[in-house]
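Single-structure report; data block below.
The values are calculated or read from the model by the stated rules, or taken from the named source; none is laboratory data. Small disclaimer: the values here were computed from a predicted structure and weren't measured. All Cβ positions, glycine included, derive from the backbone under ideal geometry; neighbour counts span all protein chains shown. In case anyone asks, the SASA skips ligands and DNA or RNA and just uses the protein heavy atoms, side chains included. Shrake-Rupley method; radii C 1.70, N 1.55, O 1.52, S 1.80 Å.
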Amino acid sequence: MREYKFYGWEQADVQAVTDQYRGIRTPADLYDALSKIWCADTCAPRMRDRWTPENRTLGQCSITAFLAQDIFGGEVYGIRRPDGNYHCYNVVGDCCFDLTSEQFGDEPLVYENNPRQHRETHFAKEEKRLRYEHLKKMLEEYTG
C-alpha cells in the first residue's frame, strides 16, 4: 500500500457516493488526481505568490474539501487559523481526512471540536466559488 502524507490517509477508506469521476473511489484516488491538477490558479489569491509545485496543497483547502464532499458525502469542518480564516477538512462517518494538510508541514492541527463549514458561506466569495468550479471542471476533464 502506498503511503500518503495527508492527514487521515491511513483510515480514509470511505467510498465515493457518485460515479461522476471515473477512477475516483477513495480519498487517496482523489488526492492522486488532484496532485496532478492543483495549480496557482486554484490557490487562494492571498497565498498565490507563495504557491509552488512542491507545495501544491497551499491555498486549496476549502475548494478541495467541498469537492471531496460532493464525491464522498459527509461534512466539512474548519480549523480556525491565526488570521481568522478556517482550514477546511472532511469528516465522513467516523473517518476524518484532510487532503490539503501537507501545506502546514510539521505544524500540528487539531481535528476535533471544530465548527461545521457551509459552502454557501464560503462560496459567497465569488473568487472562491469560481476556483471551486474550475477545480471541479479540471477533475472532470482529468477523469474523462
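Descriptive notes on the structure:
- For segment 25-39, a residue qualifies if it is more than 24 Å from ASP106 (Cβ to Cβ) and open to solvent by 10 Å² or more (accessible area, probe 1.4 Å), and the qualifying residues are ARG25, THR26, ASP29, LYS36, ILE37, CYS39.
- Subset tally (residues that are free of Cβ contacts under 8 Å to residues at least 60 places away in the same chain, touching a helix residue (DSSP H, G or I) at 6+ places or on another chain (Cβ under 8 Å) and farther than 15 Å from ILE63 by Cα) for segment 84-121: 0
- Residues satisfying the criterion are absent from segment 24-42 (criterion: in contact with a Lys or Arg (Cβ under 7 Å, 6 or more places away or on another chain), assigned to a strand (DSSP E or B) and not charged (D, E, K, R)).
- Candidate set from segment 7-24 (those that are surrounded by 16 or more Cβ atoms within 10 Å (Cβ to Cβ) and at pLDDT 95 or above); member that is farthest from PHE72 (Cα to Cα): TYR7
- Some residue of segment 54-65 being under 17 Å from THR18 (Cβ atoms) and among the β-branched types (Val, Ile, Thr): yes
- Helices (runs of 4 or more DSSP H) contained in segment 59-144 and holding at least 3 residues surrounded by fewer than 17 Cβ atoms within 10 Å (Cβ to Cβ): 126-143
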